[in-house]
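*Asks:* Here you go, one structure.
The values are calculated or read from the model by the stated rules, or taken from the named source; none is laboratory data. Values in this document were obtained by computation on a predicted structure and should not be read as measured data. Ideal geometry is used to build each Cβ from the backbone, glycine not excepted, and the neighbour counts take in all protein chains shown.
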4 protein chains.
Amino acid sequence: MIDYRSDNTGRAAPEILNALVRANSGTALGYGADAWTARLQDRFSELFETRVRVFPVATGTAANALSLAAIAPSWGLVYCSEAAHINTSEVNAAGFFGGGLKLVPVAGKDGRVDAEALAATLAAVQPGAIHRGQPAAVSLTQASDLGAVYPLAEIRRVGEIAKSRGLKLHMDGARFANALARVGCSPAEMSWRAGVDILSFGATKNGGALCDAIVVFAPELADGLAVQLRRAGQVWSKMRFASAQLEAYIAGGLWLRLAQASNAAAARITVGIAGVPGLRLIAPVEANELFLEMPAGVMDALEQGGFQFYRRSPTLARFVCRFDVTDAEADALVAALKRHCAAPARAAE
Amino acid sequence: MIDYRSDNTGRAAPEILNALVRANSGTALGYGADAWTARLQDRFSELFETRVRVFPVATGTAANALSLAAIAPSWGLVYCSEAAHINTSEVNAAGFFGGGLKLVPVAGKDGRVDAEALAATLAAVQPGAIHRGQPAAVSLTQASDLGAVYPLAEIRRVGEIAKSRGLKLHMDGARFANALARVGCSPAEMSWRAGVDILSFGATKNGGALCDAIVVFAPELADGLAVQLRRAGQVWSKMRFASAQLEAYIAGGLWLRLAQASNAAAARITVGIAGVPGLRLIAPVEANELFLEMPAGVMDALEQGGFQFYRRSPTLARFVCRFDVTDAEADALVAALKRHCAAPARAAE
Amino acid sequence: MIDYRSDNTGRAAPEILNALVRANSGTALGYGADAWTARLQDRFSELFETRVRVFPVATGTAANALSLAAIAPSWGLVYCSEAAHINTSEVNAAGFFGGGLKLVPVAGKDGRVDAEALAATLAAVQPGAIHRGQPAAVSLTQASDLGAVYPLAEIRRVGEIAKSRGLKLHMDGARFANALARVGCSPAEMSWRAGVDILSFGATKNGGALCDAIVVFAPELADGLAVQLRRAGQVWSKMRFASAQLEAYIAGGLWLRLAQASNAAAARITVGIAGVPGLRLIAPVEANELFLEMPAGVMDALEQGGFQFYRRSPTLARFVCRFDVTDAEADALVAALKRHCAAPARAAE
Amino acid sequence: MIDYRSDNTGRAAPEILNALVRANSGTALGYGADAWTARLQDRFSELFETRVRVFPVATGTAANALSLAAIAPSWGLVYCSEAAHINTSEVNAAGFFGGGLKLVPVAGKDGRVDAEALAATLAAVQPGAIHRGQPAAVSLTQASDLGAVYPLAEIRRVGEIAKSRGLKLHMDGARFANALARVGCSPAEMSWRAGVDILSFGATKNGGALCDAIVVFAPELADGLAVQLRRAGQVWSKMRFASAQLEAYIAGGLWLRLAQASNAAAARITVGIAGVPGLRLIAPVEANELFLEMPAGVMDALEQGGFQFYRRSPTLARFVCRFDVTDAEADALVAALKRHCAAPARAAE
């Protein structure tokens, strides 16, 4: 079996679990008042080239929903892509933690919010209208839920639009590392320097184990968020075991190496299948995911051949590359796709 | 330094971290659809001698708040001890996840709800009254937040009262293992057989690392709770790393050995300080905590001597024993208390 | 000026205010424990030919949101039309009072939910999936927000689909009277006999003043709803002044006469403009509203001629008839539309 | 029967209903965009000698809960009297609308918050602590729920303490008029000049019918509150019928005359029963309520004699005077109390 189902089906990077095990020494105050968590503040501040507050949380859903609750009032509207994970897959967690805030999909390509569509949407909002909520924030998913990546200029443009209307900017960085590896800029450039106020900093999908993080660039948000996290049951009493994971994740560039590896596997497959008849990528492969239209029969054949992946529709398959996908596994998928697409009629029977 | 601050300042049992590391092999479906989590259902069902649903969660606060939200409507009243952790220390998480439900303290001794006081409180509620909410559930903390333990008969009595009024029964078992070790009964006897519908099953305070669990005995609650947990950001995508911890925690009776060790340390200290003038336990030591009244000067002297503990008031100190407190450490505390209490006046200067 | 902006811009029927004034005599217990509110229970039970509980509330938004909160858990999905008032105009009140529940638009014509589209949507829901919430209820708007009316068979079909999946059925009857006048059936046939569990019973838009109501057909919902209403600040202490309005509203068929009058005005206009070039009704006129596509210039000319109405888009105008629109006013609108459409080019200049 | 049960059992002042009926003329835009509501802004701004925003709402519970939600974050703590209506009688509406905020009772006499007790409570809060929520606001009930009135200096002192800690100040003025009549100052002095940021402005208990109001002194709160009110179902579409009531309520000092009348009745009874053996007022009678301890037998005898009142405990009776209590009714109560207290032993048989 070769597993392309998700990046959350995979192993954790051994460095991260080793750090967790090493943290199991001596006693330490609970709820984040420990040396590991203090050090994490410094490491992330260095990484982002500004003083940040970083809060380990159990999941990306918690990171997203509590970030949005921190930047939008309960009657706020948060603009995002129709395809955004917060909109499609998190059971309205943002609406729950946000006390009733509402997500408003904005048009765009490849799972992204289009900046000008956002501007137009905001321009159409009537000031003082009380029937639909008030514009409060924008959320960008980087990389997008269709495997595309916002270029810096696009983030900055969204940031400008948001700021000009008094809106806050959130980035769902469940695959922040993959996007960063793609863009090749600094973490600062892809976040606060582009206007991001608060970042869901993903680790789990990129070799992490049991935690992600919220990175707060707008300092006035942090104290309230700390209480909200405590209330949300997202503050471990033995926090050191979470902080140690995150510290190891970014130490020595591990996170970027992991992301480069999964991106590279996706790129290798993309190159390999170029020109294969019957296959169509519905979005550019800019991170570690491929969304491939193909005949249903090809999907059947792939599954019979031991490939695991997610069927998004009868003719759309998603392949996600983990950091530990080997070249041989990538090449095996390419070969299988070529083989089955060469005989799609038969496979479909 | 000898640390008696809390059981969450301590290490995890190595067996638990070893299991976590061992789970880092191969791929597995996310969000609990993995073999570890499936096996956990079986292990806990065996442990509790009935078919249960067990949900790993990040923290005890999540376990408590989401359990209560599962058994009480948003306009419900949940009866608990004034001293209950859910009432004093969890930022109204129950009220938040419960959509506005309200905790109502009930009188009782030693951090426990008194069954007859509960009955009297319920008897005074006017049927149909709309101004204060409707009685919905009772929550017992076992062991209590003052280190006492409910005997089985008392839990059963509360269970009967609750059932007779249509109320559900929750148990906050952050220290369930310590209570079980004390009472010496089976997990089933101390939970569903005594009327408990849903249990916050603590592991962190007793040698766990990054997860606790909710154990559901009332099967009709489980499906809705599963969605609520997902929305709460309490369902890890790499769930196997949590389930593996919990499986190791109960495997071969580890959890009970750990609890017996911490209980024994507390008992050893209790015996050691019996009759020492100037010291007064405000509640019986039935688990792993001591709440000791003493002159402020004695507290100062202890701290100067390298002991760490929590000052609950100027004259009340809390000492919590972890599973790895040694006899020597226990004896050192006893000796120091004896020494300082023999000269309290001087210490207070 | 002739006002077609909304049915909420209009006067109250004098009978209703007279009843309110007559209620101002003697003393009466607060919060609904008065003779007027008790009598209201009987009157509505007679009207609906079954024992109902009726709760006066301040607004239709309160009626809708609290009805949905009563029939759906906080993690529930409520299916409705894209055009439904609860979806477009009530600031996510349903999501707020429902503790995070989410509205899911279902395809359909003329502002209605299509029963078969609903069935298909429900059939595609995976049992046990935790990422999107659980199907909980359906909400139909009768008359629809585009002025169309569900025939009885369609409501029954939706009711069957809902029941077969364990879902509850809500009807937003902000214009229940208009729909009833159109269909010509009994209130029972258009509600509980067709599967409706809970009804937002509108009065304000049809000659009421300061209250609407929730009518509960599923008795087990009523006690909890009563507490929720109290918490929502929707239980007047001097409830008699609300109950008296509702009693007068239905007494002697007043409500139906009012609805017949506004329906008749809309029908008169519809007949009058038949065949006028440049006008197109986007939905059948089955209640008291017309949604008319026309050139922007015609709208300008109408406004200059003293007509008030709501511009839904640059080429779509909404005209709402109140119960007190006169034949002369209706004919004046028809004449103006004919006149301006005969010379649309000039009007647009 | 002579009714002393509550001020909400009474009639509305005819002037208020007359105004409501007079508003039933012509058409007017919905949801507060009408001339009555615009004028109300001016009238209240004149009354309070500063530019205010005033929002009519259906009930005092709505006024309180939404005011608190406007000034406290969802993780906030709101300090109030143990006896405060928001704490005892509103089903945790503040916690519900506030998304989980928690009320914290503060010690004080006669249903009031003691300023120095508040200061001490706040001084004991540890900055940065995440386990209990963050201090956010104070709520004073004027007149108190035991019939006492805060003198201006006490409100100012609380206001200073609140401001010095960054807390907002809410006043529950369900009986604002009664307190104002007692203190004899201007509305401005008793509200924003003393530090009040937002006021629940009661009318119902003092001769109103179907609405109270929120008066916002901190302008930055108003726009968000407007949306919250819409979502809460507290914005009538035919708002003019509410605004007209409130305009009439304050026109020509009506509200103060009504309050003076009910206060005078309470004072007349207080004077009348002075020195009667067996009676004890548990709080000073400074508004329109008396809380009188008396033998249970006296209560029985009063009820048999046709007096209606509320039994707060077996030996505590509450008598509330409405604006239309006559001297004869007051004297009748005095006479009955004297008579029954002269023979309490017999009455108790």
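*Asks:* Would you be able to say whether some residue in the stretch B:277-293 is hydrophobic (A, V, I, L, M, F, W, C) and more than 18 Å from B:Asp110 (Cα to Cα)? Don't jump to the end; show me each part of the working.
*Replies:* So in the stretch B:277-293, the residues hydrophobic (A, V, I, L, M, F, W, C) come out as B:279, B:281-283, B:285, B:287, B:290-292.
Right, trim to more than 18 Å from B:Asp110 (Cα to Cα) and you get none.
Within the stretch B:277-293, none of the residues are hydrophobic (A, V, I, L, M, F, W, C) and more than 18 Å from B:Asp110 (Cα to Cα).
*Asks:* Does C:Ala62 satisfy being small (Gly, Ala, Ser), within 14 Å of chain D (Cβ to nearest Cβ) and within 19 Å of the chain's Cα centre (by Cα)? Don't jump to the end; show me each part of the working.
*Replies:* On the way: small (Gly, Ala, Ser): yes; within 14 Å of chain D (Cβ to nearest Cβ): yes; within 19 Å of the chain's Cα centre (by Cα): yes.
Yes; evaluated as a whole, the condition is true for this residue.
*Asks:* Which numbered condition in (1) surrounded by fewer than 24 Cβ atoms within 10 Å (Cβ to Cβ); (2) within 14 Å of chain C (Cβ to nearest Cβ); (3) at positive phi is the only one that D:Gly253 fails?
*Replies:* D:Gly253 satisfies all of (1) surrounded by fewer than 24 Cβ atoms within 10 Å (Cβ to Cβ); (2) within 14 Å of chain C (Cβ to nearest Cβ); (3) at positive phi except (2).
*Asks:* Out of the residues in the stretch C:231-244 that are assigned to a helix (DSSP H, G or I) and closer than 18 Å to D:Asp212 by Cβ, state the one that is farthest from the other protein chains (Cβ to nearest Cβ).
*Replies:* Applying the first criterion (assigned to a helix (DSSP H, G or I)) to the stretch C:231-244 yields C:231, C:240-244.
Now narrow it down to the ones that are closer than 18 Å to D:Asp212 by Cβ: C:231, C:240-242.
Details: C:Arg231: 4, C:Arg240: 9, C:Phe241: 5, C:Ala242: 6 Å.
So, considering only residues that are assigned to a helix (DSSP H, G or I) and closer than 18 Å to D:Asp212 by Cβ, the one farthest from the other protein chains (Cβ to nearest Cβ) is C:Arg240.
*Asks:* Which condition breaks for A:Gln126 when tested against (1) facing chain C (nearest Cβ under 9 Å); (2) modelled with pLDDT under 95?
*Replies:* (1)
*Asks:* If you go through the stretch D:141-153 one residue at a time, do you hit one that is more than 27 Å from D:Glu293 (Cα to Cα), touching a strand residue (DSSP E or B) at 6+ places or on another chain (Cβ under 7 Å) and in contact (Cβ under 8 Å) with a residue 12 or more places away in the chain? Break it down into steps so the answer makes sense when it comes.
*Replies:* The first filter runs over the stretch D:141-153 and keeps only residues more than 27 Å from D:Glu293 (Cα to Cα), leaving D:152-153.
Now narrow it down to the ones that are touching a strand residue (DSSP E or B) at 6+ places or on another chain (Cβ under 7 Å): none.
Checking the stretch D:141-153: not a single residue is more than 27 Å from D:Glu293 (Cα to Cα), touching a strand residue (DSSP E or B) at 6+ places or on another chain (Cβ under 7 Å) and in contact (Cβ under 8 Å) with a residue 12 or more places away in the chain.
*Asks:* Say we look at the stretch B:2-23 and pick out the residues that are buried (at least 23 other Cβ atoms within 10 Å of the Cβ), more than 7 Å from every other protein chain (Cβ to nearest Cβ) and touching a strand residue (DSSP E or B) at 6+ places or on another chain (Cβ under 9 Å); which of these is farthest from B:Cys211 (Cα to Cα)?
*Replies:* Per the criteria, the residue is B:Tyr4.
*Asks:* Just checking, which of A:Ala264, A:Ala248, A:Ala222 is touching a strand residue (DSSP E or B) at 6+ places or on another chain (Cβ under 6 Å), away from chain B (no Cβ under 13 Å) and either part of a helix (DSSP H, G or I) or among the aromatic types (Phe, Trp, Tyr) (or both)?
*Replies:* Working: A:Ala264 fails: touching a strand residue (DSSP E or B) at 6+ places or on another chain (Cβ under 6 Å); A:Ala248 fails: touching a strand residue (DSSP E or B) at 6+ places or on another chain (Cβ under 6 Å).
None of the others qualify; the one that does is A:Ala222.
*Asks:* Restricting the first residue to the stretch B:116-128 and requiring it to be under 17 Å from D:Val91 (Cα atoms) and touching a residue at least 40 places away in the same chain (Cβ under 8 Å), which pairs with a second residue that is part of a helix (DSSP H, G or I) and of a type outside the set (Lys, Arg) meet a Cβ separation below 8 Å and a spacing of at least six or different chains?
*Replies:* Final answer for the pair search is B:Leu122/B:Ile161.
*Asks:* Also, quick follow-up: Kindly list the number of the only condition in (1) over 30 Å from C:Leu101 (Cα atoms); (2) of a type in the set (A, V, I, L, M, F, W, C); (3) part of a helix (DSSP H, G or I) that fails for B:Cys185.
*Replies:* Tallying (1) over 30 Å from C:Leu101 (Cα atoms); (2) of a type in the set (A, V, I, L, M, F, W, C); (3) part of a helix (DSSP H, G or I), B:Cys185 fails exactly one: (3).
*Asks:* Return yes when A:Gly305 is on the phi > 0 side of the Ramachandran plot, more than 14 Å from chain B (Cβ to nearest Cβ), in contact with a helix residue (DSSP H, G or I) (Cβ under 7 Å, 6 or more places away or on another chain) and not hydrophobic (A, V, I, L, M, F, W, C) and no when it is not.
*Replies:* On the way: on the phi > 0 side of the Ramachandran plot: no; more than 14 Å from chain B (Cβ to nearest Cβ): yes; in contact with a helix residue (DSSP H, G or I) (Cβ under 7 Å, 6 or more places away or on another chain): yes; not hydrophobic (A, V, I, L, M, F, W, C): yes.
No, not satisfied.
*Asks:* Now for a separate question. Looking only at the stretch C:184-204, decide whether some residue is within 18 Å of the chain's Cα centre (by Cα), within 11 Å of chain D (Cβ to nearest Cβ), under 19 Å from C:Gly10 (Cα atoms) and hydroxyl-bearing (Ser, Thr, Tyr). Explain how you work it out, then say what you get.
*Replies:* Let us first name the residues in the stretch C:184-204 that are within 18 Å of the chain's Cα centre (by Cα), namely C:184-192, C:194-204.
Still in the running and within 11 Å of chain D (Cβ to nearest Cβ): C:200, C:202-204.
Next, from what is left, pick out any that are under 19 Å from C:Gly10 (Cα atoms): C:202-204.
With the extra rule that they be hydroxyl-bearing (Ser, Thr, Tyr), the set shrinks to C:204.
Checked the stretch C:184-204: at least one residue is within 18 Å of the chain's Cα centre (by Cα), within 11 Å of chain D (Cβ to nearest Cβ), under 19 Å from C:Gly10 (Cα atoms) and hydroxyl-bearing (Ser, Thr, Tyr).
*Asks:* Here is a follow-up. Of the residues that make up the stretch D:67-88, is at least one more than 21 Å from B:Asn87 (Cα to Cα) and of a type in the set (S, T, N, Q)?
*Replies:* Looking for residues that are more than 21 Å from B:Asn87 (Cα to Cα) and of a type in the set (S, T, N, Q), one finds at least one in the stretch D:67-88, hence yes.
*Asks:* In the stretch A:274-292, what residues are surrounded by fewer than 19 Cβ atoms within 10 Å (Cβ to Cβ) and either part of a helix (DSSP H, G or I) or of a type in the set (Val, Ile, Thr) (or both)?
*Replies:* Listed by number, the residues that qualify are A:Val276, A:Ile282.
*Asks:* Please give the number of the condition C:Thr270 fails out of (1) closer than 27 Å to C:Ala174 by Cα; (2) surrounded by 20 or more Cβ atoms within 10 Å (Cβ to Cβ); (3) in contact with a Leu (Cβ under 7 Å, 6 or more places away or on another chain).
*Replies:* Only one criterion is unmet by C:Thr270, namely (2).
*Asks:* Then there's this: Consider B:Ala143 against the criteria (1) hydrophobic (A, V, I, L, M, F, W, C); (2) crowded, with 24+ Cβ neighbours inside 10 Å; (3) within 14 Å of chain A (Cβ to nearest Cβ): it satisfies all of them except one. Which criterion is unmet?
*Replies:* For B:Ala143, the exception is condition (3).
*Asks:* Related question: Do we find that B:Ser67 is small (Gly, Ala, Ser), under 30 Å from C:Ala72 (Cβ atoms), more than 10 Å from chain A (Cβ to nearest Cβ) and within 16 Å of the chain's Cα centre (by Cα) in this structure? Outline the logic, then answer.
*Replies:* Details: small (Gly, Ala, Ser): yes; under 30 Å from C:Ala72 (Cβ atoms): yes; more than 10 Å from chain A (Cβ to nearest Cβ): yes; within 16 Å of the chain's Cα centre (by Cα): yes.
Judged against the criteria, B:Ser67 is a match.
*Asks:* Another question, if that's okay. Considering the stretch C:150-161 alone, what residues qualify as being surrounded by fewer than 24 Cβ atoms within 10 Å (Cβ to Cβ) and among the hydrophobic types (A, V, I, L, M, F, W, C)?
*Replies:* Across the stretch C:150-161, the qualifying residues are C:Leu152, C:Ala153, C:Ile161.
*Asks:* Which of the residues spanning the stretch A:32-50 are of a type outside the set (S, T, N, Q) and surrounded by 15 or more Cβ atoms within 10 Å (Cβ to Cβ)? Can you show your working first?
*Replies:* We begin by selecting, within the stretch A:32-50, every residue of a type outside the set (S, T, N, Q); these are A:32-36, A:38-40, A:42-44, A:46-49.
If the condition is that a residue be of a type outside the set (S, T, N, Q) and surrounded by 15 or more Cβ atoms within 10 Å (Cβ to Cβ), then A:Gly32, A:Asp34, A:Trp36, A:Leu40, A:Arg43, A:Phe44, A:Leu47, A:Phe48 are the ones that fit.
Rundown of residues vs (1) over 27 Å from B:Ser186 (Cα atoms); (2) in contact with a helix residue (DSSP H, G or I) (Cβ under 6 Å, 6 or more places away or on another chain), yes/no style:
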| position | (1), (2) |
| --- | --- |
| B:Tyr4 | yes, no |
| B:Leu17 | no, yes |
| B:Arg22 | yes, no |
| B:Gly30 | yes, no |
| B:Thr37 | no, yes |
| B:Gln41 | no, no |
| B:Phe44 | no, no |
| B:Glu49 | no, no |
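*Asks:* Something else now. Might you let me know whether the stretch A:147-164 holds any residue that is within 17 Å of the chain's Cα centre (by Cα), farther than 30 Å from D:Gly233 by Cβ, part of a loop (DSSP other than H, G, I, E, B) and among the small types (Gly, Ala, Ser)?
*Replies:* Yes: one or more hits.
*Asks:* Which of (1) farther than 30 Å from B:Leu29 by Cβ; (2) out of contact with any Cys (no Cβ under 7 Å at 6 or more places or on another chain); (3) among the aliphatic types (A, V, I, L, M) is the odd one out, the single condition B:Leu279 does not satisfy?
*Replies:* So B:Leu279 meets the others, but not (2).
*Asks:* Give the residue that is farthest from the other protein chains (Cβ to nearest Cβ), with candidates limited to residues of the stretch B:207-219 that are under 19 Å from B:Ala188 (Cβ atoms) and in contact with a Ser or Thr (Cβ under 7 Å, 6 or more places away or on another chain).
*Replies:* Among those that are under 19 Å from B:Ala188 (Cβ atoms) and in contact with a Ser or Thr (Cβ under 7 Å, 6 or more places away or on another chain), it is B:Phe217.
*Asks:* Suppose we filter B:Gly166, B:Gly133, B:Gly100 for residues that are within 12 Å of another protein chain (Cβ to nearest Cβ) and surrounded by fewer than 19 Cβ atoms within 10 Å (Cβ to Cβ); which single one remains? Spell out how you get there, then give the answer.
*Replies:* Numbers: B:Gly133 fails: surrounded by fewer than 19 Cβ atoms within 10 Å (Cβ to Cβ); B:Gly100 fails: surrounded by fewer than 19 Cβ atoms within 10 Å (Cβ to Cβ).
Answer to the check: B:Gly166.
*Asks:* Residue pairs, Cβ under 7 Å, 6 or more apart or interchain, first in the stretch A:25-40 and within 11 Å of chain B (Cβ to nearest Cβ), second of a type in the set (Gly, Ala, Ser). List them.
*Replies:* A:Thr27/B:Gly10; A:Ala28/A:Ala35; A:Gly30/A:Ser237; A:Gly30/B:Ser6; A:Tyr31/A:Ser237; A:Asp34/A:Ala28
*Asks:* Taking A:Ser89 as meeting all but one of (1) among the polar types (S, T, N, Q); (2) buried (at least 24 other Cβ atoms within 10 Å of the Cβ); (3) modelled with pLDDT under 95, write down the number of the exception.
*Replies:* (2)
*Asks:* Turning to a different aspect of this structure: Could you please give the count of residues in the stretch C:287-313 that are of a type in the set (S, T, N, Q) and without any contact (Cβ under 8 Å) to a residue 40 or more places away in the chain? It would help to see each step written out before you state the result.
*Replies:* As a first pass, look at the stretch C:287-313 and keep what is of a type in the set (S, T, N, Q): C:288, C:304, C:308, C:313.
Then keep just the ones that are without any contact (Cβ under 8 Å) to a residue 40 or more places away in the chain; that gives C:304, C:313.
Residues meeting the conditions: 2.
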